[in-house]
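Read-outs: derived from the displayed coordinates by stated rules, not from any lab. Computed from a predicted structure; not experimentally measured. Note: ideal-geometry Cβ built from the backbone for every residue, glycine included; neighbour counts use all protein chains shown.
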Amino acid sequence: VLCSDLLYEVKSHAALLSVLKKIRFRKAIFSYKKRHDEPEKAFFSTLASWCAVRVVDTSACITSVNLSKSSITGLYIVVVEPHE
């Protein structure tokens, strides 16, 4: 499951968690720009109660070609895998 920029709307976090809990997936990859610190921490904390949550080091895989350094600041890639 690939999820891009789905954390922008905080009021949708509960519905997204509900959908993820109901579907069968082996891996979900979230890409997003950090905007709402506490709600995003709460979202991933909830996921971590039933999934392994790993943040990818984006400095090693995102190269700023035609973007300013500030435009890629706060970009995150998070890999989520349900516990067996």
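A compact table of results
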| quantity | calculated |
| --- | --- |
| Per-pair calculated FRET efficiency, R0 = 35 Å: VAL65 and ASP37 via Cβ, rounded to 0.05 | 0.80 |
| Charged-residue dipole, Cβ positions (Lys, Arg, Asp, Glu), region 1-57 about Cα centre, Debye nearest 20 | 300 |
| Potential lengthening between PHE25 and ASP5 on full extension [0.36 nm per residue; Cα-Cα distance subtracted] | 5.3 nm |
